[in-house]
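Right, one structure below, let's go through it.
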Amino acid sequence: MSMRALWKGVIRFGEVSVPVKFYSAVEDRNIHFRLLHETDHTPVKQQMVDPRNGKPVPREQIRRGLETDTGEIVMISPEELDSLNPEPSREIEITRFVDQGRINYQWYVRPYFLGPDGIEENYVVLARALEKEKKEGIARWTMRNKSYIGALDAKNGQLKLITLRYSGEVVNEAEIPRKKGRNFEPMELKMAEQLVDALAGDFDPTAYRNEYRRRVMDLINTKALGNVYRFEKAKKRRAKFASLTDTLKQSLDRVRKEKKSA
Amino acid sequence: MPEQEDKELRRRSIWSGTLTFGMVSIPVVLLPGQTSQRVRLRMLSPDGTPLARRYYCPAEDRPVEREEIIRGYEIEKGKFVTITEKELESLQPEKSREIDLRRFVPVEQIDPEFLDRAYFLAPVGDSAKPYRLLTETMEKAGKAGIATFVMRDKEYLVAILAENGLLMAETLRFADEIRSSEVPGIPADRTIDSNRLKAMVKEIRNASADEIELNELKDIYTERLNELAEQKRAAGQDLISSPEREKESGHTGNVIDLMQVLKRNIEKEDSKEPAQSEKEAGDSLDDLNKTELYNNAKQLQISGRSTMTRQELINAIRNA
């Protein structure tokens with residue numbers, strides 16, 4: 001599949017400028033349904049109606065407004081909305097670099113792969129230097145009338161830019177209560193470590209499939225051919241054990257046995 | 001009081017179940033790691049009345065109710081396979097209250113493009129000890145647990161990460177949702193002039209800081225929009241007092257502005273006061289199917305229920 005660039009910009013900080021192209025890192029695999037009128041299978045449209053008389057309001061007459069805390073509505077004109085839009089720009093400003101991992105995953109929204117635009121040398125050098133320094137950059141840019149913040153990251157010579165949530169949208173971990181509970185024994189920690197060890201491996205994302213999506217596509221394909229789809233479901237149960245130590249021990253035994261027989 | 005705290009945690013949670021590690025079961029709840037603060041601009045009539053969204057059939061040129069609408073998958077232009085809600089419901093994954101950790105992987109192997117949404121896992125009941133044991137073990141080993149689990153009728157791939165004594169659940173994108181990272185123009189193996197690399201490292205160090213600065217991560221657009229709205233409100237300019245639309249009945253009863261419902265939910269989530277709700281019994285609503293939820297909403301006379309999704313129904317019932 002050929003990759004098409006979505007946008008072009010220039011990464012800038014200090015004396016550095018690196019022209020880059022944006023490529024989407026994600027592919028939408030969701031199954032999209034159209035909403036149809038049941039009797040004639042016509043795709044329905046949506047319209048905005050005035051609740052007082054049920055009459056549709058044409059698009060060009062629709063106004064925008066914000067509801068205030070007092071329950072009132074302030075109307076905002078199209079001109080006022082335009083005036084709030086950021087200035088168009090190709091700059092991707094790096095406001096600072098921080099140690100890799102400083103930006104918690106909670107902030108991540110949407111990933112982009114970056115490729116060089118024109119001269120590749122700066123791109124290659126920046127990627128290498130970021131990796132060497134184990135740093136990531138905080139970026140700010142305007143893309144298609146919207147301002148974004150992001151994390152600039154490098155791995156295996158490849159630059160990535162992941163858009164971030166705004167600071168008001170990230171829940172502070174201090175709000176999550178930490179419970180103490182009883183102390184555990186050194187032996188329990190040891191067994192837990194052994195169990196993690198026994199279950200350790202590489203991250204292989206291809207080992208997992210979205211089964212629901214697959215079943216829905218099966219259903220669609222079956223019905224498209226005029227056939228009857230057979231619905232079925234799997235079940236599973238698991239046993240319960242008593243104390244933490246016993247459970248860890250039994251878990252270890254089981255995992256080890258499974259490994260041997262595999 | 002721990003029971004009180006658990007009750008509060010369950011109320012805030014969007015999923016509850018057990019984290020399974022070998023044969024150790026750890027009862028936990030999932031709490032959102034993110035909140036939406038986007039201001040939603042309402043659509044208004046020229047005189048400032050909030051508009052409602054409605055479906056209509058262009059062939060018959062008339063409005064249609066939610067009950068008259070079915071889903072169709074377009075197999076070729078203008079040709080649809082219709083799928084009922086019931087069919088989709090029977091394809092939904094088996095309800096399960098378990099995140100079974102059968103795989104532990106080095107944290108650094110999970111590339112950022114896989115990360116979708118973040119949740120906190122908090123222990124409930126008697127599970128503080130095994131929770132801490134697992135967290136400490138994972139943190140020490142630098143490992144993340146990988147599992148699939150079912151939440152709100154959907155199956156998720158999830159990475160469980162331990163950080164600062166807390167477990168986080170990060171839902172992951174499936175492999176086929178990630179594009180190959182081989183973007184055009186990156187030379188496979190290129191020797192780099194060591195002076196250029198040195199110069200770049202120097203520039204990076206010059207621009208480096210120890211901490212992130214939250215001020216750089218503010219939503220400036222929303223702030224400016226709110227300021228503008230506040231100025232206009234204070235000056236009484238373009239100000240319309242909001243009619244109590246919910247009280248209206250009859251013909252408009254089945255016309256609903258989803259934004260309104262969503263907004264109210266967000267407000268509820270944000271407010272410090274616990275929601276006054278009879279449905280506090282934890283997550284039982286998550287176990288109901290859409291029809292049951294609909295009937296529930298009907299009893300509670302929640303308006304707009306016929307156009308709500310399953311989750312919107314749950315939220316509306318919780319907040320009723």
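If you go through the stretch B:1-35, how many residues are at pLDDT below 90 and part of a loop (DSSP other than H, G, I, E, B)?
Selection size over the stretch B:1-35: 4.
In the stretch A:21-37, is there at least one residue being more than 9 Å from every other protein chain (Cβ to nearest Cβ), in contact with a Lys or Arg (Cβ under 9 Å, 6 or more places away or on another chain) and more than 27 Å from residue B:39 (Cα to Cα)?
Taking every residue of the stretch A:21-37 in turn, at least one turns out to be more than 9 Å from every other protein chain (Cβ to nearest Cβ), in contact with a Lys or Arg (Cβ under 9 Å, 6 or more places away or on another chain) and more than 27 Å from residue B:39 (Cα to Cα).
Out of contact with any strand residue (DSSP E or B) (no Cβ under 7 Å at 6 or more places or on another chain) and not basic (Lys, Arg): is that true of residue B:147 in this structure?
Judged against the criteria, residue B:147 is not a match.
Among the residues in the stretch A:103-126, are any surrounded by 14 or more Cβ atoms within 10 Å (Cβ to Cβ), closer than 28 Å to residue B:229 by Cβ, at pLDDT 90 or above and within 7 Å of chain B (Cβ to nearest Cβ)?
Within the stretch A:103-126, not a single residue is surrounded by 14 or more Cβ atoms within 10 Å (Cβ to Cβ), closer than 28 Å to residue B:229 by Cβ, at pLDDT 90 or above and within 7 Å of chain B (Cβ to nearest Cβ).
Kindly evaluate residue B:207 against the criterion of being loosely packed, with under 12 Cβ neighbours inside 10 Å and not assigned by TED's automatic domain parsing to the domain that holds residue B:316.
Values: loosely packed, with under 12 Cβ neighbours inside 10 Å: no; not assigned by TED's automatic domain parsing to the domain that holds residue B:316: yes.
No.
Step by step: first the residues of the stretch A:127-168, then only those that are of a type in the set (D, E, K, R) and at positive phi, then the one that is surrounded by the fewest Cβ atoms within 10 Å (Cβ to Cβ). Which residue is that?
The extreme case among them is A:144.
Could you figure out which of (1) over 30 Å from residue A:116 (Cβ atoms); (2) within 8 Å of chain A (Cβ to nearest Cβ); (3) modelled with pLDDT under 90 isn't true of residue B:187?
Every condition holds for residue B:187 apart from (1).
Out of the residues in the stretch A:141-154 that are without any contact (Cβ under 8 Å) to a residue 60 or more places away in the chain and more than 7 Å from chain B (Cβ to nearest Cβ), which is nearest to residue B:193 (Cα to Cα)? Walk me through how you get there before you give the answer.
Taking the stretch A:141-154 and keeping what is without any contact (Cβ under 8 Å) to a residue 60 or more places away in the chain, we get A:142, A:148-151, A:153-154.
From the residues that got through so far, the ones that are more than 7 Å from chain B (Cβ to nearest Cβ) too are A:142, A:148, A:150-151, A:154.
Details: A:142: 32, A:148: 33, A:150: 29, A:151: 26, A:154: 19 Å.
In this case the residue turns out to be A:154.
Report yes if residue B:38 is outside any strand (DSSP E or B) and in contact with a Pro (Cβ under 7 Å, 6 or more places away or on another chain), otherwise no.
Spelling it out, it is not the case that residue B:38 is outside any strand (DSSP E or B) and in contact with a Pro (Cβ under 7 Å, 6 or more places away or on another chain).
Working only within the stretch A:83-106, note down all residues that are among the charged types (D, E, K, R), closer than 11 Å to residue B:208 by Cα and under 22 Å from the mean Cα position of the chain (by Cα).
The one that is among the charged types (D, E, K, R), closer than 11 Å to residue B:208 by Cα and under 22 Å from the mean Cα position of the chain (by Cα): A:99.
Report yes if residue A:24 is touching a residue at least 24 places away in the same chain (Cβ under 8 Å) and surrounded by fewer than 16 Cβ atoms within 10 Å (Cβ to Cβ), otherwise no.
No, not satisfied.
Determine the pairs where a residue that is within 21 Å of residue B:113 (Cα to Cα) and at the interface with chain B (Cβ under 7 Å from one of its Cβ atoms), located within the stretch A:164-185, has a partner that is among the acidic types (Asp, Glu) and surrounded by 18 or more Cβ atoms within 10 Å (Cβ to Cβ) with Cβ atoms under 6 Å apart, the partner being 6 or more residues away or on another chain.
Within 6 Å, the pairs are A:166/B:219.
If a residue has to be among the aliphatic types (A, V, I, L, M) and closer than 30 Å to residue A:38 by Cβ to count, how many in the stretch B:26-77 make the cut?
First, the residues of the stretch B:26-77 that are among the aliphatic types (A, V, I, L, M): B:26, B:28-31, B:39, B:41, B:43-44, B:51-52, B:59, B:64, B:69-70, B:75.
If we keep only those that are closer than 30 Å to residue A:38 by Cβ as well, we get B:43, B:51-52, B:59, B:64, B:69-70, B:75.
Total satisfying the criteria: 8.
Being facing another protein chain (nearest Cβ under 7 Å) and touching a Leu at 6+ places or on another chain (Cβ under 6 Å) narrows it down to one residue among B:33, B:22; which is it?
The conditions single out B:22.
Just a yes or no: is a residue in the stretch A:217-234 over 30 Å from residue A:32 (Cα atoms), surrounded by 17 or more Cβ atoms within 10 Å (Cβ to Cβ) and touching a residue at least 60 places away in the same chain (Cβ under 8 Å)?
Here is the first cut: in the stretch A:217-234, the residues over 30 Å from residue A:32 (Cα atoms) are none.
Among the residues of the stretch A:217-234, not one is over 30 Å from residue A:32 (Cα atoms), surrounded by 17 or more Cβ atoms within 10 Å (Cβ to Cβ) and touching a residue at least 60 places away in the same chain (Cβ under 8 Å), which makes the answer no.
Restricting the search to the stretch B:36-49, which residues are more than 13 Å from the chain's Cα centre (by Cα) and either under 16 Å from residue A:166 (Cα atoms) or more than 7 Å from chain A (Cβ to nearest Cβ) (or both)?
So in the stretch B:36-49, the residues more than 13 Å from the chain's Cα centre (by Cα) come out as B:38-49.
Residues satisfying the conditions are B:38, B:39, B:40, B:47.
Given the stretch B:194-271, what helices (runs of 4 or more DSSP H) lie entirely inside it while holding 1 or more residues that are at pLDDT below 90 and more than 24 Å from the chain's Cα centre (by Cα)?
Ranges flagged: B:220-234.
Just to be sure I understand, how many residues within the stretch A:59-69 are within 11 Å of residue B:229 (Cβ to Cβ) and either more than 7 Å from every other protein chain (Cβ to nearest Cβ) or not in a strand (DSSP E or B) (or both)?
Qualifying residue count, the stretch A:59-69: 2.
Looking only at the stretch B:51-89, how many residues end up being more than 30 Å from residue B:120 (Cα to Cα) and either of a type in the set (A, V, I, L, M) or surrounded by 14 or more Cβ atoms within 10 Å (Cβ to Cβ) (or both)? Don't jump to the end; show me each part of the working.
Within the stretch B:51-89, the first condition is being more than 30 Å from residue B:120 (Cα to Cα), and the residues that meet it are B:51-87.
Narrowing further to those that are either of a type in the set (A, V, I, L, M) or surrounded by 14 or more Cβ atoms within 10 Å (Cβ to Cβ) (or both): B:51-57, B:59, B:63-64, B:66, B:68-75, B:80-83, B:87.
Looking only at that region, the number is 24.
Mind checking which pairs have a first residue in the stretch B:194-219 that is in contact (Cβ under 8 Å) with a residue 40 or more places away in the chain and a second that is among the aromatic types (Phe, Trp, Tyr), Cβ under 8 Å, 6 or more apart or different chains?
Once the first residue is in contact (Cβ under 8 Å) with a residue 40 or more places away in the chain and sits in the stretch B:194-219, its partners that are among the aromatic types (Phe, Trp, Tyr) give B:219/A:166.
The values are calculated or read from the model by the stated rules, or taken from the named source; none is laboratory data. Just so it is clear, the structure is predicted and the values come from calculations on it, not from any experiment. FYI the Cβ positions are ideal-geometry reconstructions off the backbone, even for glycines, and counts take in every protein chain you see.
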